[in-house]
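Step one of this worksheet: look at the structure below.
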Amino acid sequence: MAGESGPWSLVSYSSVVQQIHHRINHWYLQNSRDLPWRREGVGGWEVMVSEFMLQQTPVVRVLPVWEEWMRRWPRPQDLAAEPLSEALKAWGRLGYPRRAQRLHAAAVEITTEYNGEVPRTEEALRALPGVGDYTAAAIACFAFGEPTVVVDTNIRRVHARLFGGMALPEPSPRASEFARAKDVQPADRAAANLWNVSVMELGALVCTARSPKCDACPVFEQCAWIAAGQPAPHYTPKGQAWKGTDRQVRGAIMAVLREHDHPVPQDSFLSDLGRQSHATYVALEKLQSESSQRERALAGLLKDGLAVLEDDGVRLPS
DNA sequence: CATTCGTGGGG
DNA sequence: TCCCCAAGAAT
């Protein structure tokens, strides 16, 4: 495979790889979760919304919000007809509200440029706001059966272990990983489709980042990481800073704005303490004590178009 | 290429 | 309790 020597070189379609295909696909058919966006008859819009929500957010937290969005906005036009503020409110506490902003913008673009039909090609999808390499490949594959090369964090981890013999993939995706994923993917269209979702599911349920369930793995015998004696990661992931960051304050401000239909005076953020979660309460105390950070965080939200400044306060964008 | 950007459940 | 990190994208 590209950029790699060793036992897997030039043997992508060897019997071993075909056996891996069969084992992981079979495992998937027996063990996959019954997720609503995977059910029969689900269209591009449903898959697209799920993919946006699943960007850096666990499935269990997405499920109820996705159900509500599908009930309320069954088509892109339905969301596009609503002001951005409604999308931000319905996004709730999923996190990264810019995803809701970009999904709303994508719905508008689909409505105006594609007559309300989610585009089927990876290229067209990739041009939509909030759609990167992974999401474009995922929608094309899962919704429309395109044999795209899907590379998400789960697939990267499975490939790093199974084929690379490493505990974890590199911190940031490399071109060589895409090349390897393309190389080990079945040529057949339907087979590639099943393979993509199967490897992803294996990574989500068995080949997890922490304490992988190797005793339940269908390709334990083929795994290069197991064969190498399960070596430890060659780097230490650097944690995501949170306490005292602008992100925390931005989240607190957004939590307040979501609960108001009218502009909220900046000096009255603290008046809503009673209705906030503990996390928001803590963040709001910071809003009070560190005005410079509050101003910086608010400026960021205004710049990002997630909040609007009026004469009488701050509100969500309409 | 490194940073920034939310949230909350589980190890 | 604390820390990890989860179907990433944009800059």
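Since residue A:41 meets every condition but one in (1) modelled with pLDDT of 95 or more; (2) closer than 21 Å to residue A:120 by Cβ, which condition does it not meet?
(1)
Cβ-Cβ below 8 Å, separation at least six or inter-chain, first residue in the range A:83-107 and of a type in the set (Lys, Arg) and open to solvent by 40 Å² or more (accessible area, probe 1.4 Å), second part of a helix (DSSP H, G or I) and more than 10 Å from DNA strand C (Cβ to nearest atom): which pairs?
Note: pairs meeting the criteria are A:93/A:255.
Go through (1) over 26 Å from residue A:28 (Cα atoms); (2) crowded, with 20+ Cβ neighbours inside 10 Å; (3) of a type in the set (Val, Ile, Thr) for residue A:111 and report which single condition fails.
Every condition holds for residue A:111 apart from (2).
Provide a single number: the residues in the range A:92-119 that are of a type in the set (Phe, Trp, Tyr) and more than 9 Å from DNA strand B (Cβ to nearest atom).
Going through the range A:92-119 one residue at a time, the tally reaches 1.
Check residue A:116 against each of (1) touching a Ser or Thr at 6+ places or on another chain (Cβ under 6 Å); (2) open to solvent by less than 60 Å² (accessible area, probe 1.4 Å) and name the one condition it does not meet.
Checking residue A:116 against (1) touching a Ser or Thr at 6+ places or on another chain (Cβ under 6 Å); (2) open to solvent by less than 60 Å² (accessible area, probe 1.4 Å), the one that fails is (1).
Let's see how each residue does on (1) within 16 Å of DNA strand B (Cβ to nearest atom); (2) under 17 Å from the mean Cα position of the chain (by Cα); (3) closer than 19 Å to residue A:132 by Cβ; (4) open to solvent by less than 20 Å² (accessible area, probe 1.4 Å):
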{"residue": "A:170", "(1), (2), (3), (4)": "yes, no, yes, no"}
{"residue": "A:173", "(1), (2), (3), (4)": "yes, yes, yes, no"}
{"residue": "A:184", "(1), (2), (3), (4)": "no, no, no, yes"}
{"residue": "A:189", "(1), (2), (3), (4)": "no, no, no, no"}
{"residue": "A:193", "(1), (2), (3), (4)": "no, no, no, no"}
{"residue": "A:196", "(1), (2), (3), (4)": "no, yes, yes, yes"}
{"residue": "A:200", "(1), (2), (3), (4)": "no, yes, yes, no"}
{"residue": "A:206", "(1), (2), (3), (4)": "yes, no, no, yes"}
{"residue": "A:212", "(1), (2), (3), (4)": "yes, no, no, no"}
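Wholly within the range A:130-237, which helices (runs of 4 or more DSSP H) include no fewer than the required count, namely at least 2 residues that are basic (Lys, Arg)?
Working: elements: A:133-144, A:153-162, A:175-184, A:189-205, A:224-227.
Helices (runs of 4 or more DSSP H) meeting the threshold: A:153-162, A:175-184.
Given the residues A:12, A:5, which is the only one that is of a type outside the set (D, E, K, R), away from DNA strand B (no atom under 16 Å from the Cβ), surrounded by 13 or more Cβ atoms within 10 Å (Cβ to Cβ) and at pLDDT below 95?
After applying the criteria, what remains is A:12.
Right, residue A:252: among the hydrophobic types (A, V, I, L, M, F, W, C) and open to solvent by 30 Å² or more (accessible area, probe 1.4 Å) or not?
On the way: among the hydrophobic types (A, V, I, L, M, F, W, C): yes; open to solvent by 30 Å² or more (accessible area, probe 1.4 Å): no.
So residue A:252 fails the test.
One line per residue, one yes/no per condition, for (1) within 28 Å of residue A:118 (Cβ to Cβ); (2) among the basic types (Lys, Arg):
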| position | (1), (2) |
| --- | --- |
| A:151 | yes, no |
| A:162 | no, no |
| A:180 | no, yes |
| A:183 | no, no |
| A:200 | yes, no |
| A:205 | yes, no |
| A:212 | no, no |
| A:220 | no, no |
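Residue check, residue A:277 against (1) open to solvent by 40 Å² or more (accessible area, probe 1.4 Å); (2) at pLDDT 95 or above, all met but one. Which one?
(2)
The values are calculated or read from the model by the stated rules, or taken from the named source; none is laboratory data. Because the structure is predicted, anything quoted here is derived from the model rather than measured. All Cβ positions, even for glycine, are placed from backbone atoms using ideal geometry, and neighbour counts span all protein chains on display. Quick note on the areas: whole protein, heavy atoms, side chains included, nothing else; ligands and nucleic acids left out. Shrake-Rupley method; radii C 1.70, N 1.55, O 1.52, S 1.80 Å.
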